[in-house]
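Novice: Have a look at this one.
The values are calculated or read from the model by the stated rules, or taken from the named source; none is laboratory data. Note that the coordinates shown come from a computational prediction; the quantities given were computed from them, not determined experimentally. Glycine gets a Cβ as well: all are built from the backbone with ideal geometry, and neighbour counts include every protein chain shown. Calculation scope for accessible area: heavy atoms of the full protein, side chains included, ligands and nucleic acids excluded. Shrake-Rupley method; radii C 1.70, N 1.55, O 1.52, S 1.80 Å.
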Amino acid sequence: MDGFSLKTNPFALLGVSPRAKVAEIEEAFEDAVIDRLEDEQSLLKTKQLLLTPNARLFAELSWLSEVAPRRADQLLAMLDRADTGALLKALPDLPPLSSANIAAEGCVRLGEVRFITPLLEAHNQLKQEATFDWVNSTRATAGFARVEASQIQDALRALRSSHARSVIAAIAGSPKSRSRADGSVFRLAKMTPISGISASKNDPLSLRL
């Protein structure tokens, strides 16, 4: 699985919201081709992904879908400025999934271990039922088919694995953090075990530093 990245999320590449209808996605694709934001073949694949109900689910969950577009733009600008302080201050007020995605991006793009704790807290607050409800509500607005609860469960599992890799990337890039946190345990609640991470019934995913 590729590393987590808000920059390469299909919604970011075409500059559309998850609430965008088919015609808006088509128009955004044409504008992106004219502006040569990416090569046309890559943009075509991005458009097709967003127009395919099953394929777009991971993109919906790994984007800032729960917040208004204007607020999403503000958060992305903070990331571009590497404004860690402002981002950490903003995270507690964000919905859990968007908070987790911003924190994961901060781990990877900024290499900041200070985003690990907010990431764990956001995942602890995530509720599959609530995610199911808002995804289908957003899809109703955009005119896309509903998803099943089992699809949400699978997509969240994939997202948690991607976020776990973000944590590993932040820790690996911070020798100072490794020395300070020697022997401590970061628990990524309910995350899927991945290579190099211990898992048990009582401790679903632990990173031992």
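Novice: Leaving ligands, DNA and RNA out of it, work out the accessible area of residue 132 with a 1.4 Å probe and give it in Å² to the nearest 10.
Specialist: Around 50 Å² of this residue is reachable by solvent.
Novice: Which value, in Å² and to the nearest 10, is the accessible area of residue 127 when all protein chains are kept and the probe is 1.4 Å?
Specialist: We get 120 Å² for residue 127.
Novice: Excluding ligands and nucleic acids, what accessible area in Å² is computed for residue 134 using a 1.4 Å probe, to the nearest 10?
Specialist: Result for residue 134: roughly 50 Å² accessible.
Novice: Give me the distance between the Cα centres of segment 116-130 and segment 1-66, rounded to whole Å.
Specialist: 25 Å
Novice: Of 9, 79, 92, whose Cα points farthest to the positive end of the dipole of segment 1-123 (charges on the beta-carbon: +1 Lys, Arg; -1 Asp, Glu; origin at the Cα centre)?
Specialist: In segment 1-123, that residue is 92.
Novice: Over segment 55-164, with the other protein chains present, what is the accessible area per residue in square angstrom, probe 1.4 angstrom?
Specialist: Numbers: 4600 Å² over 110 residues.
Accessible area per residue: 42 Å².
Novice: Which of the trypsin sites (Lys or Arg not before Pro) found in segment 79-111 are loop residues per DSSP with 10 or fewer other Cβ atoms within 10 Å of their Cβ?
Specialist: Details: sites: 81, 89, 109; in loops: 81.
Hits after loop and neighbour filter: 81.
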